[in-house]
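Shown next, in structure tokens, is the structure this report addresses.
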2 protein chains.
Amino acid sequence: MSQSSNKTEDLPPSRQLPRSPCPVACALDILGDRWTLLVVRDLMLGRTRFKDFSASPEGIPTNILTDRLERLVRHGIAERIPAAEGSKRFAYKLTEKGEALRPVLRAMRDWGLVWEEGTRAALSES
Amino acid sequence: MSQSSNKTEDLPPSRQLPRSPCPVACALDILGDRWTLLVVRDLMLGRTRFKDFSASPEGIPTNILTDRLERLVRHGIAERIPAAEGSKRFAYKLTEKGEALRPVLRAMRDWGLVWEEGTRAALSES
DNA sequence: CCATTCGCTTGCAAAATGCAAGTGAAAATA
DNA sequence: TATTTTCACTTGCATTTTGCAAGCGAATGG
């Protein structure tokens, strides 16, 4: 029980997290891919169920969705709760940490609306 | 010259850009990976040369850096200029579109500082 | 009870990533 | 000018991640 800890110390350097103490780098360690922030967006739009995320227009593959939901929960950004009382199916909702990502998504939305042609907002102002 | 246009129409659906008209999705089509926004961060910190980006603490591989700089230039976020007048080497700087990403990076930095332990800001207030 | 939906899992091909090593031109130095 | 060093990549290759389709058991609805 002395070799191979539960941290990332024995992984190749590129997979060790965090890559640096930079808050941007740390954020990207968690959120830096093509899908994760889209799931967060969906959560901010009030979607809660696996099938809802799956039905979003970008068409996230279900295995990726499973992985990303797990990652969000593991990092305390989302939580998994019963879909209804007594139900054995689950819903997801943002934690406080996840809600705190709103300014990031807002800034990204605003940038996209101004600089990328043909985009239109789904999230209204808030 | 009629088959295979310069767009993404003949790529598999998952690689077609944009994935949707959502401004967040469009932004992520360009910026959604673990490295691109770190290069943008470096540019915002005033770094301009390939070697500077390469020397950042996260240690971006040089082949990836080449690819990401190219992508940023292609999307009009950065531009490639002579490193000095008369020099045949190049420097990179943010365009107006790239500067417009500052709120995104700021929001991400603020989130990281609050929610990820052990992070410290490199960019000061602005 | 039966059909349908949900929330995944699995298998596999293709693409992206990470690493080390190499290269040729440009710049710095002697 | 000659030599060395730096720079900005490129290449090759192993590993990892992604995307897609199909399948599957439990939960739900009728």
>> Please compute the per residue accessible area over region B:46-85 with all protein chains in place, 1.4 Å probe, rounded to a whole number of Å².
In response: 58
> With each label point set 7 Å from Cα along the Cα-Cβ vector, what nm distance links residue A:83 and residue B:84?
Replying inline: 6.6
>> Please report the spacing between the Cα centers of region A:13-88 and region B:25-87 in Å, no decimals.
In response: 26
> Which of the GluC sites (Glu not before Pro) found in region A:75-126 are in a DSSP loop and have at most 16 neighbouring Cβ atoms, other than their own, within 10 Å?
Replying inline: A:85, A:117, A:125
>> Through the Karplus equation 6.51 cos²θ - 1.76 cosθ + 1.60, θ set to phi - 60°, convert the phi angles of region B:21-29 into ³J(HN,Hα) values in whole Hz; use x for Gly and Pro.
In response: x, 5, x, 5, 4, 5, 4, 6, 4
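For region B:35-115, what does the alpha-carbon gyration tensor say about shape, rounded, prolate or oblate, given a ≥ b ≥ c as the root eigenvalues, a/c under 1.5 as rounded, and a/b over b/c as prolate? Show your work: numbers first, answer last.
Details: a/c = 2.00, a/b = 1.52, b/c = 1.31.
Cα axes put region B:35-115 in the prolate bin.
The values are calculated or read from the model by the stated rules, or taken from the named source; none is laboratory data. Computed from a predicted structure; not experimentally measured. Cβ coordinates were reconstructed from backbone atoms using ideal geometry, including for glycine residues, and neighbour counts include every protein chain displayed. What goes into the accessible areas is simple: the full protein's heavy atoms, side chains included, and nothing from ligands, DNA or RNA. Shrake-Rupley method; radii C 1.70, N 1.55, O 1.52, S 1.80 Å.
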